[in-house]
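Before any comments, here is the structure.
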Amino acid sequence: MTDTTAEARTGRVEFTGGRQEMLGIILRGYALMIPTIGLYRFWQATWKRRFYWQNTVIDGEPIEYTGTASQLLLGFFFALAFFLPIYIAFFVLSMQDVDFVLLGYAAIAAVVWFLMGYAVYRARDFRLSRTLWRGIRFDLKGNAFAYALRRFFWSIANVLTLGLIYPWMGSSLWRYRWRHTWYGDRKFEIAGNWKTIAGPYYSAYFLNVIALGATGGWIGSTGDFTMVGNVPVPGPIGISMCIGCVLVLAFSLAFYRTRVASRMLSTVSVGDAKLSVKLGTGALFGQFAVYVVAVVALLILLALTAAIALGGVYAAAAAGGQTPDAEALVSLFSSGTTNVILLIVAYLVILGAFGMLAELILSFGWWVLLARGASIANPDSLRTVQATAEDKALIGQGLADALNVGAY
Amino acid sequence: MEFTARYQDGKTASSRDVICIIDLASDPVMLAILDAGTREIVDRWPADECHLLHSRMMELRIGNRQRPAGARLAVTGIENMKAALGVLPKLNQHQRADYWKQARIIGLATAALLSVIVAYLYGIPLLADRLVTFFPPEWESKIGATADAQIEASLTGGKGYAVCETNPNTVANKAITRFTELAFAGLNSPFAPTVTVVRSDVPNAFALPGGRTYYLSSLIQASRTPDEFAGVLAHELGHVYYRHGMQGLISTSTTGLLVGFVLGDLTGLSVAGAVGASLIDNRFSRQSEAQADDFAGKTAQRLGFSPSGLVDLLDRVAKDDAFSKALALFQNHPLTDDRRAALEALDTKDPGARPAFTTEEWNAIRDMCKPPPPPPLPDVVTPAETTP
């Protein structure tokens, strides 16, 4: 079945999963997280990845995630090895002189920032090397330490230049990542450079600077604020300008993310196959808006639930012949253990609800946007790719989990 | 019995439609994979080595242990999937076995983590006495000196303590030193505590690692009897004797690690991490406080004064309200009522009990840091009398 007319053929990328299936995974995860003292999170992450991967169909073939939860669990144990020296350093530092302690904390922060770069790279390696398409796996070669060093020094330069140097930093890191990415025995290439990032980046950057400057300048020059304690609270026009700033920020973020992803990813190729990505800024901005509305709705719902629960307690107290006053309510909560359990449950419910919204709207939305916006020119050229030996490295993903920098 | 599928050999990135037919006659039983177009045999898989992989809904993905890791048969369509499961009955067995394997791993890991937590919560207080002995007393004194400078700077805004009586040979200072030495006599502690009475509006007393102990003047003013003063002092000396400062340092470091592990965030920056760690650390702290109370009670027994003074004073300066009782698990001190019960159990009710300090000593101690005289009253402005 090798038709030579395939030269002009373009392979589509589809996403076949639904939100309700993801919701099921999340809810089951929450239910199992408590009896397993949090250990289920490794299985939860695995199920989520299976869902995202398997429903992403590239040119008719779904990709497959072959990683297992036990690998994540083991990886997390390895990550402990990185953290033990840091904890010991904290312990020893806490016994030193004040100046020395501050210096030590700064050093530890630098080490952790460096480790994050290392972890991000190894986590990408973990995911790619456990991703199959047409029975052939991807891989990330290169040196995670080299990547972490680059990221570390670039980010220092970035801070020193107030972020103006970021297009060069971004392109350096994008290029390092993609030029070490492999599909079987075929290497990825990326043609994008700092110019690809600069346009969207500087537009977003200066748009925000102007919005913030205008708002600050206007409020400052017209004296349109009242002091509440030590905090200046702007007047109605100032407030609406501040809201405008938030909108500008959200819009420019959506613009920047979609533009850079479209432009950079569209310069990625594997051999003769070329990736092309078209993302709409409006679609991502819409997701942000939906997220904000959902968060507000959730807050109202939680407040109503709490009010109804308290009202129920009041009513029960009244029915029981007690005077429903604050004293009686307090006495209901007078046991320390009950209170702490209540607090923890409330905290978990709120945290879980927000995490669920973020996953269902933002993470899911972004993945679907990327998948549906992507296509591959000349996918048939990939038929000759050969498999390479297995990659069993675990450590990076665990470190990324431990440092909270893992994505998807 | 046959079914159709998409086939990938796991060696090259190509995919093709195939027909799979079970060959029951061969030994072992084989699954023959035929090209859907040409009906040529592409491969023969040992049927018992086939296993199911996780897949999206309405699809079966089948791998084989004797083929490359990426070799796959992807089966879609209900009829096809039923046929595949019928032909390869072992698939379901393998899946069930994998399910139980996962459940076993989760179960074992949870049990292991639970036992670590329980061992930590109950083991650390038991081991703490021995753990601290691994740290030389000189270290602890050094930590105490660092903490001393930090606390002094933060309490006095950098101005330094206003020590009430700097001369160690005053009646009050000599009485306090005598009491301290008696309390530590025969205990073989590597530390010789020094007690400094400092002027402050805050009714408090605290001991630092290594033995530096501070008694703030407001707490002396709040004491009604010498035994109240002696009880609190003995309690602080208990912290020094049991090296609680050092124990606290060790346990907060390890608690952070444990809580970070449970929550999966070893940076410890999350709210949950902070709350969890403080719940555990406060539990240890309450145990230390109870131990220091016990030390105070035993010292009172030895020196022959009443141990209840400690809690009488606490009742006045740090009474628990309903709120702190409700959140007892977040407190770093045990509730006063519980402390009273424990201390009263140590009270021998010896009719020969005499106060810890003589009247003369006690008066001198009370006068160490007299509150400053009230500011002079403003001159009363009397309407000028008009002489008639």
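Return yes when B:Leu91 is modelled with pLDDT of 85 or more, open to solvent by 80 Å² or more (accessible area, probe 1.4 Å) and of a type in the set (A, V, I, L, M) and no when it is not. Talk me through it step by step, then tell me what you get.
Numbers: modelled with pLDDT of 85 or more: yes; open to solvent by 80 Å² or more (accessible area, probe 1.4 Å): no; of a type in the set (A, V, I, L, M): yes.
The answer is no for B:Leu91.
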ask   = Out of the range B:229-251, which residues are modelled with pLDDT of 90 or more and charged (D, E, K, R)?
value = B:Glu236
Tally, over the range B:150-159, of residues that are within 13 Å of chain A (Cβ to nearest Cβ) and either under 21 Å from the mean Cα position of the chain (by Cα) or part of a helix (DSSP H, G or I) (or both) = 5
note = Result of the Cβ filter at 6 Å on the range A:194-209, keeping first residues that are under 11 Å from A:Tyr166 (Cβ atoms) and partners that are of a type in the set (Gly, Ala, Ser), at least 6 apart or interchain, is A:Trp194/A:Ser171; A:Ile197/A:Gly170; A:Ile197/A:Ser171; A:Ala204/A:Ser252
key: Close pairs (6 angstrom Cβ cut-off, 6 or more residues apart or separate chains): closer than 16 Å to A:Phe206 by Cα and in the same structural domain as A:Ser203 (by TED's automatic domain parsing) in the range A:251-263, assigned to a helix (DSSP H, G or I) and hydroxyl-bearing (Ser, Thr, Tyr) anywhere   = A:Ala254/A:Thr281; A:Phe255/A:Thr281
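Within the range B:190-206, can you find the residues that are hydrophobic (A, V, I, L, M, F, W, C) and touching a strand residue (DSSP E or B) at 6+ places or on another chain (Cβ under 8 Å)? Give the derivation first.
So in the range B:190-206, the residues hydrophobic (A, V, I, L, M, F, W, C) come out as B:191-192, B:195, B:197-198, B:202, B:205-206.
B:Val195, B:Val197, B:Val198, B:Val202, B:Ala205, B:Phe206, listed by residue number.
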Residues of the range B:61-77 that turn out to be open to solvent by 20 Å² or more (accessible area, probe 1.4 Å) and within 12 Å of chain A (Cβ to nearest Cβ), as a count = 4
Residue check for B:Ile117: surrounded by 18 or more Cβ atoms within 10 Å (Cβ to Cβ), over 30 Å from B:Asp9 (Cβ atoms) and not assigned by TED's automatic domain parsing to the domain that holds B:Ile33 = no
remark   = Pairing a residue in the range B:125-149 that is within 14 Å of chain A (Cβ to nearest Cβ) and within 21 Å of B:Thr213 (Cβ to Cβ) with any residue that is acidic (Asp, Glu) and part of a helix (DSSP H, G or I), where Cβ atoms lie under 9 Å and the two sit 6 or more apart in sequence or on different chains, gives B:Val132/B:Glu140
request  = Return yes when B:Ala103 is more than 25 Å from B:Ser15 (Cα to Cα) and within 12 Å of chain A (Cβ to nearest Cβ) and no when it is not.
outcome  = yes
B:Arg96 vs. criteria part of a strand (DSSP E or B), open to solvent by 60 Å² or more (accessible area, probe 1.4 Å) and either more than 10 Å from chain A (Cβ to nearest Cβ) or in contact with a Cys (Cβ under 9 Å, 6 or more places away or on another chain) (or both) = no
Condition check for B:Leu60: farther than 23 Å from A:Trp43 by Cα and either touching a strand residue (DSSP E or B) at 6+ places or on another chain (Cβ under 9 Å) or of a type in the set (Ser, Thr, Tyr) (or both) = no
query = Listed residues B:Val18, B:Val42, B:Val29; which is β-branched (Val, Ile, Thr), surrounded by fewer than 20 Cβ atoms within 10 Å (Cβ to Cβ) and in contact with a Lys or Arg (Cβ under 8 Å, 6 or more places away or on another chain)?
reply = B:Val42
message = Against the condition of a type in the set (Ser, Thr, Tyr) and either within 14 Å of chain A (Cβ to nearest Cβ) or open to solvent by 60 Å² or more (accessible area, probe 1.4 Å) (or both), how does B:Ser55 come out, does it pass?
response = yes
inquiry  = So, in the range B:45-78, exactly how many residues are polar (S, T, N, Q), outside any strand (DSSP E or B) and in contact with an Asp or Glu (Cβ under 6 Å, 6 or more places away or on another chain)?
reply    = 1
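Yes/no matrix, rows are residues, columns are (1) surrounded by fewer than 16 Cβ atoms within 10 Å (Cβ to Cβ); (2) part of a helix (DSSP H, G or I); (3) within 11 Å of another protein chain (Cβ to nearest Cβ); (4) not polar (S, T, N, Q):
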{"position": "A:Arg28", "(1), (2), (3), (4)": "yes, yes, no, yes"}
{"position": "A:Leu72", "(1), (2), (3), (4)": "no, yes, yes, yes"}
{"position": "A:Phe77", "(1), (2), (3), (4)": "yes, yes, yes, yes"}
{"position": "A:Gln96", "(1), (2), (3), (4)": "yes, no, yes, no"}
{"position": "A:Ala106", "(1), (2), (3), (4)": "yes, yes, no, yes"}
{"position": "A:Ala109", "(1), (2), (3), (4)": "yes, yes, yes, yes"}
3 or more residues within 14 Å of another protein chain (Cβ to nearest Cβ), under 18 Å from B:Ala145 (Cα atoms) and under 29 Å from the mean Cα position of the chain (by Cα): qualifying helices (runs of 4 or more DSSP H) within the range B:177-284 = B:244-263
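The values are calculated or read from the model by the stated rules, or taken from the named source; none is laboratory data. From a predicted model like this one, the values you see are computed outputs, not experimental measurements. Backbone-built Cβ (ideal geometry, glycine too); neighbour counts: all protein chains shown. With ligands, DNA and RNA removed, areas are computed over all heavy atoms of the protein, side chains included. Shrake-Rupley method; radii C 1.70, N 1.55, O 1.52, S 1.80 Å.
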